[in-house]
Amino acid sequence: FTLGLILVVVAGSDLATGNMMLVPLGALEGKLSIGDVARNLTLVLLGNLLGALFVAFFLAVQSGVIGSSSADPGSAAAMTFDRLAGIAHGKATDHTAWETFLRAVGCNWLVCLAVWMSMAATSVGGKILAIFFPIMAFVAMGFDHVVANMFFLPAAMFAGVPDLGWGDVLLNWLLAGAGNLVGAVVFVSTSYWYLFLRDAPDPGSTAGGGGAEAHGKPQGEPAERG
């Protein structure tokens, strides 16, 4: 999980749960419309879903990384299948709708804080360090991440995990997606915009061409030469 977000942030990809914080932040700054936000999140969710289904079917199940229910007991294939079955049932059938929603709120609160803190880092190493611990925390606590569940639950279906249906999968995605959105927008985008960005001056609006402020520099910091 930590590697996944590192790849997204450092390589410049799009993750729906991260965009649930970043894109509404652009709207709060007046740079995007509600339509822009809805369009971006819809397209990125669709892209993430297609990618998750591809990985689940081809790279997890068809590749044999995850075994099947017919695998020999005690084998690596059987252990991966049993582990996947436990994760899938834990996410899709073992919790109430309210519990899943709250787990998703907590999940994306942490994911978006990881993204937010990584933006403060000026080196790749700093970004990795900022990302690692919040993501480790949400995984350790068993929270629900809609894009991760787009992998786990279809993989379980493709592998033949019993007592799990597509209705369970879709309901989990709906609840996890809604909770992730609330965690991102309410607890990170809106909160941190209000605290740090609401009254921040627009660097491009300062009169006078030669001062440090005109170049987006804080007071007291010299502008670049040349």
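Which residues, counting only those in region 179-195, are surrounded by fewer than 16 Cβ atoms within 10 Å (Cβ to Cβ) and within 14 Å of the chain's Cα centre (by Cα)? Those that are surrounded by fewer than 16 Cβ atoms within 10 Å (Cβ to Cβ) and within 14 Å of the chain's Cα centre (by Cα): none in region 179-195. Does region 160-171 include one or more residues that are aromatic (Phe, Trp, Tyr), within 18 Å of the chain's Cα centre (by Cα) and either farther than 20 Å from residue 6 by Cβ or surrounded by fewer than 21 Cβ atoms within 10 Å (Cβ to Cβ) (or both)? Within region 160-171, none of the residues are aromatic (Phe, Trp, Tyr), within 18 Å of the chain's Cα centre (by Cα) and either farther than 20 Å from residue 6 by Cβ or surrounded by fewer than 21 Cβ atoms within 10 Å (Cβ to Cβ) (or both). For region 73-91, the count of residues that are among the hydroxyl-bearing types (Ser, Thr, Tyr) and over 18 Å from residue 138 (Cβ atoms) is at least one. When region 54-106 is filtered for residues that are of a type in the set (D, E, K, R) and under 30 Å from residue 186 (Cα atoms), the ones remaining, listed by number, are 91, 94, 99, 103. Within the set 115, 147, the sole residue that is farther than 24 Å from residue 59 by Cα, surrounded by 22 or more Cβ atoms within 10 Å (Cβ to Cβ) and at pLDDT 95 or above turns out to be 115. Scanning region 172-203 for residues that are among the small types (Gly, Ala, Ser) and within 16 Å of residue 41 (Cα to Cα) yields 176, 177, 178, 179, 183, 184, 189.
Within region 120-144, restricting attention to residues that are within 19 Å of residue 97 (Cβ to Cβ) and not aliphatic (A, V, I, L, M), which residue is modelled with the lowest pLDDT? Ranking the candidates gives 142 first. Scan region 93-112 for residues that are within 16 Å of residue 141 (Cα to Cα), open to solvent by 20 Å² or more (accessible area, probe 1.4 Å) and touching a helix residue (DSSP H, G or I) at 6+ places or on another chain (Cβ under 6 Å) and the total you get is 3.
Would you call residue 107 hydrophobic (A, V, I, L, M, F, W, C), in contact with an Asp or Glu (Cβ under 7 Å, 6 or more places away or on another chain), at pLDDT 95 or above and in a helix (DSSP H, G or I)? Answer is yes for this residue. Being loosely packed, with under 15 Cβ neighbours inside 10 Å and either within 17 Å of residue 3 (Cβ to Cβ) or touching a residue at least 12 places away in the same chain (Cβ under 8 Å) (or both): is that true of residue 81 here? Answer is no for this residue.
In summary, helices (runs of 4 or more DSSP H) completely within region 12-98 and bearing 1 or more residues that are under 22 Å from residue 156 (Cα atoms) and aromatic (Phe, Trp, Tyr) occur at 34-54, 76-92. Determine the pairs where a residue that is modelled with pLDDT of 95 or more, located within region 166-178, has a partner that is among the acidic types (Asp, Glu) and crowded, with 18+ Cβ neighbours inside 10 Å with Cβ atoms under 6 Å apart, the partner being 6 or more residues away or on another chain. Final answer for the pair search is 176/144.
Of everything in region 14-27, what is closer than 15 Å to residue 114 by Cα and either without any contact (Cβ under 8 Å) to a residue 24 or more places away in the chain or open to solvent by less than 20 Å² (accessible area, probe 1.4 Å) (or both)? Give them in sequence order. Scanning region 14-27 gives 16, 17, 18, 19, 20, 21.
The values are calculated or read from the model by the stated rules, or taken from the named source; none is laboratory data. A quick note: this is a predicted structure, and the numbers were derived from the prediction, not measured. When we count neighbours, we look across all protein chains shown, and the Cβ atoms used for this are built from the backbone with ideal geometry, even at glycine. Accessible surface areas use protein heavy atoms only, side chains included; no ligands, DNA or RNA. Shrake-Rupley method; radii C 1.70, N 1.55, O 1.52, S 1.80 Å.
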